[in-house]
1. Give the carbon-plus-sulfur fraction of the accessible surface of the chain in %, rounded to a whole number; probe 1.4 Å, heavy atoms of protein chains only.
2. For helix 529-546, what angle does its Cα long axis make with the longest principal axis of the chain, in degrees from 0 to 90 and rounded to 10?
3. So, R0 is 56 Å and r is the distance between the beta-carbons of ARG383 and THR99; what FRET efficiency does that work out to, to 0.05?
4. Rolling a 1.4 Å sphere over the protein heavy atoms, what is the accessible area per residue of region 405-547, to the nearest Å²?
5. How far is helix 321-337 tilted off the main Cα axis of the chain, in degrees rounded to 10, range 0 to 90?
6. Can you tell me the dipole magnitude for the chain around its Cα centre, using point charges on the Cβ only (Lys, Arg +1; Asp, Glu -1), in Debye to the nearest 20?
7. Determine by what factor the alpha-carbon radius of gyration of region 142-225 differs from 2.2 N^0.38 Å, reporting the quotient.
8. Please report the accessible area of ARG383 (heavy atoms, 1.4 Å probe, ligands and nucleic acids excluded) in Å², nearest 10.
Amino acid sequence: MINHQINYAAMVRQENNENKASSLKQLYTIVLFICLVCPFTGQAAGIHILPQPSGIEDFHKEISLKQKLKVFIDQNANLDKDYLLEVFTDEGFTVNFSTSEKGADVVFKLNATTVSEKDGYRLSVYGPQRKKQIYALANSTNGLLYALQSFRQLIIRDGEALKVPACEIQDSPAFGWRAFMLDESRHFQGKEVVKKLLDEMARLKMNVFHWHLVDDPGWRVEIKKYPLLTEIGSRGNFTMMREGITPMDSAHFSSSARWFYTQDEIREMVDYAHARGIVIMPEIEIPGHVTASLYAYPWLGASSKQEGKTVAGDLYDVTDPKMLQFFYDVLDEVMTLFPDGIVHIGGDEANYVHWQNSPAINAFMQEKNITTYTDLQIWAINRVSKHLSGKGLRMMGWNEITGENIRNEAHVQKSESETLAPGTVVQFWDGEVSLINKAIAKGYDVVNSNRIYTYLDYGYETTSLEKAYSFQPIPEGIAEGDKQKILGIGCQMWGEYTPTPARLYYQTFPRIAAFAEVGWVAQERKGSYQSFRERLKPLETIWEKMGYLNDQKEMY
Ligand code: ACM
């Protein structure tokens with residue numbers, strides 16, 4: 001039987017899930033209290049938009065809208081009309097697209113003069129300039145989509161009638177990177193679930209879907225040149241919860257279900273995300289978290305090739321040119337599928353014992369003057385970085401790739417001879433927060449995904465909604481001029497304990513709203529938790545109807 005390694009992050013996740021029951025009780029007590037004290041009336045007083053816009057002028061007047069709306073879209077706006085139709089229909093309107101701005105009820109226009117902030121927008125709802133229109137201006141397609149999302153949150157339902165408050169909104173995001181990560185290697189969820197998540201990301205004005213498609217349990221993306229990656233590598237699922245089941249001998253192996261995305265499906269998902277203003281960053285791991293690919297091709301692994309069979313938790317033998325060529329080939333297919341210019345290569349939790357035990361790898365390092373295994377990892381991913389940058393793409397990786405021993409592990413030595421390629425984006429998840437300052441001082445851009453705040457797989461007792469909301473993406477001690485090196489934030493939905501969509505939604509909602517706001521609103525402008533809770537109420541009503549706010553605390 002294959003001996004499954006339980007990685008460090010998964011162990012932390014397990015710990016955090018143990019105390020969930022009492023945390024839930026607490027959470028529901030709070031929710032119940034709020035429901036009893038302030039019964040939901042369809043629209044709380046004031047204008048409630050989440051994430052909180054930079055500025056709102058409220059004219060304290062409610063306007064009744066016609067059910068049939070004439071909508072004008074600037075020809076250059078590049079908005080997806082089907083998506084707009086979907087949103088308006090969802091909100092109870094029927095839409096005719098109008099070719100003229102004049103006489104339209106709703107106008108979406110690009111205007112770089114009025115709106116200078118990146119992805120900012122202005123939304124005038126029966127304002128003083130255009131007293132009979134809802135008028136959105138932005139300098140980008142995404143800005144217009146954000147105006148659309150704010151508009152839909154303004155709608156007041158009064159019986160059958162649809163009303164909006166007359167107001168003007170001026171808004172732009174604090175950070176350009178507002179990501180949600182989904183791990184589908186541990187448990188494959190499939191297209192329909194992912195589409196629902198993308199819909200909610202769009203509602204929350206989040207703009208990066210980080211898709212963790214490859215890890216030890218399963219390989220989830222079709223690669224034509226290496227068909228066994230999915231024929232064999234996708235057959236696994238996360239097994240930590242059910243003893244004695246391994247990817248290769250699991251009951252699921254004979255299942256007819258398909259646990260991977262075809263390339264056509266990936267393209268469909270990329271289009272779906274783009275229509276909603278979301279880019280997709282795939283994560284394809286090297287050198288660790290690669291067991292699924294070793295079931296397909298054991299010769300890729302340092303220990304697996306020595307043993308002549310797949311060794312769980314093994315690392316790629318990055319000193320083997322055939323292995324690196326395999327990875328370049330995979331990336332070449334991946335970059336045709338995901339056109340958004342950035343690929344995540346993982347790089348976390350590599351267990352160097354597998355390299356230590358290989359005489360060939362040690363000889364290679366000696367020959368090349370590579371002094372530590374951390375350096376060997378950096379040496380390899382710098383080659384990957386070069387391959388990607390040669391094709392115009394950026395590389396991102398978890399913060400182990402900076403060469404620090406972030407958890408003081410015995411098998412890890414700080415890097416000595418290699419330096420991570422310039423331009424690499426570092427995703428901070430673990431270790432002292434000062435590692436962010438260090439990475440920035442070395443010139444790298446950083447996405448802050450501090451696991452203590454942003455891991456959605458952690459139980460609510462460990463990471464309450466309030467704690468999630470308290471997250472500050474820019475740590476202390478970053479010089480004013482370096483703050484732009486923090487590109488933004490990511491929140492991560494790891495999949496070990498989410499075998500069903502209901503579980504996944506339970507862990508994700510409502511905390512994803514806190515991360516959306518933390519990514520949108522500048523730290524110095526952020527309001528109180530109470531204000532956030534107030535503005536969350538209408539979304540909670542929607543998510544309750546969708547089944548996302550459920551009580552699926554049990555894993556099975
Ligand atoms: C991670 O949680 N291993 C990035």
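The values are calculated or read from the model by the stated rules, or taken from the named source; none is laboratory data. Just so it is clear, the structure is predicted and the values come from calculations on it, not from any experiment. Glycine also receives a Cβ, built like all others from the backbone with ideal geometry; neighbour counts cover every protein chain displayed. Just so you know, the surface numbers come from the protein's heavy atoms only, side chains and all, with ligands and any DNA or RNA stripped out. Shrake-Rupley method; radii C 1.70, N 1.55, O 1.52, S 1.80 Å.
1. Of all accessible area on the chain, carbon and sulfur atoms account for 51 percent.
2. For helix 529-546, the angle is close to 80 degrees.
3. The calculated FRET efficiency here is 0.60.
4. 36
5. For 321-337 against the chain, the angle is about 10 degrees.
6. Roughly 1500 debye, rounded to the nearest 20.
7. Working it through for region 142-225, the quotient is 1.51.
8. About 90 Å², rounded to the nearest 10.
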